[in-house]
Amino acid sequence: MRLDGFGLFVNDMAKMIQFYRDVLGFEIKEENTSNVYLVKDKTLFLLYGRKDFEIALYVDTFDEVDRMFNNAVNKGAIPVLAPEIEPWGQRTCYIADPEGNLIEIGSWNKPYEEKDV
């Protein structure tokens, strides 16, 4: 698995977008009402409202998503969403750590270096 992205809890979304975009030069990849995806050096950087935090992990194949999900659950992770293919074509699942923080494991069924191509 590779770290695909990380996120921060934010209280003032507009202020944080302005800082990371205008001050540090992050590119906005996607923006909606509850979170913003920024990119810097090919790493996803996510801004979430205080209640929506997650860590994103990437694996190269759909089969690995299933294996990693099952392995993590068997070792004590809390299952949140079993692996499924999303309407946009990504296979993803969610587990939670002991304190309820969300961890996404996902794949576009291609190597990490090609996922954004």
| Those lysines that a straight Cα-Cα span of less than 27 Å connects to K40, excepting residues fewer than 8 apart in one chain | K15, K29, K51, K110, K115
| With every protein chain present, what accessible area does Y48 have (1.4 Å probe, heavy atoms only), rounded to the nearest 10 Å²? | 10 Å²
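Quote the relative contact order of the chain in percent (integer), defining contacts as alpha-carbon pairs under 8 Å separated by 6+ residues. Kindly include the intermediate steps, with their values, before the conclusion.
On the way: 221 pairs, mean separation 28.3, N = 117.
The normalised contact order for the chain reaches 24 percent.
Go through the range 9-117 and name the trypsin sites (Lys or Arg not before Pro) that are in a DSSP coil and have 15 or fewer other Cβ atoms within 10 Å of their Cβ. Provide the component values of the computation, followed by the final result.
On the way: sites: K15, R21, K29, K40, K42, R50, K51, R67, K75, R91, K115; in loops: K42, R50, K51, K75, K115.
Qualifying residues, ordered by number: K42, R50, K51, K75.
Rank T61, T92 by accessible area, highest first, at a 1.4 Å probe radius? All intermediate terms of the calculation are to be shown ahead of the outcome.
Details: T61 50, T92 0 Å².
If we order T61, T92 from most to least accessible, we get T61, T92.
Over the chain, with every protein chain in place, what whole percent of the accessible area is carbon and sulfur at 1.4 Å, could you tell me? Please report the intermediate quantities before stating the final value.
Details: 3780 of 7170 Å².
That fraction is 53 percent.
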| field | Cα centroid of the range 1-19 to Cα centroid of the range 43-101, whole Å | value | 17 Å
| Principal-axis tilt of helix 62-74 within the chain, Cα atoms, nearest 10 degrees | 80 degrees
| request: Considering the options V39, G89, V73, tell which one lies farthest towards the positive end of the dipole of the range 38-96, charges being +1 on Lys and Arg and -1 on Asp and Glu at the Cβ, about the Cα centre. | output: V39
| query | With a Cα-only, solvent-free Debye model of the range 4-45, what are the log10 I(q)/I(0) values at q = 0.32 Å⁻¹? | reply | -1.36
| Using helices alone, what [θ] at 222 nm do you get for the chain, with -39,500 (n - 2.57) per DSSP H run of 4 or more residues, divided over all residues and rounded to the nearest 500? | -4500 deg cm²/dmol
| Can you tell me the Rg and the Dmax, both Å, for the Cα atoms in the chain? | 14.6, 43
| remark: Measure of exposure for E114: accessible area at 1.4 Å probe, Å² rounded to 10, is 90 Å²
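Per residue, how much accessible surface does the chain expose to a 1.4 Å probe? Answer in Å², no decimals. All intermediate terms of the calculation are to be shown ahead of the outcome.
Details: 7170 Å² over 117 residues.
Accessible area per residue, the chain: 61 Å².
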| query | In terms of modelled amide H atoms, which long-range or inter-chain residues lie less than 5 Å from the amide H of F26? | reply | R21
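The values are calculated or read from the model by the stated rules, or taken from the named source; none is laboratory data. Computed from a predicted model, the values in this text were never measured in an experiment. Cβ: placed from backbone, ideal geometry, glycine included. Neighbour counts: every protein chain shown. Keep in mind that these areas ignore ligands, DNA and RNA; they rest on the heavy atoms of the full protein, side chains included. Shrake-Rupley method; radii C 1.70, N 1.55, O 1.52, S 1.80 Å.
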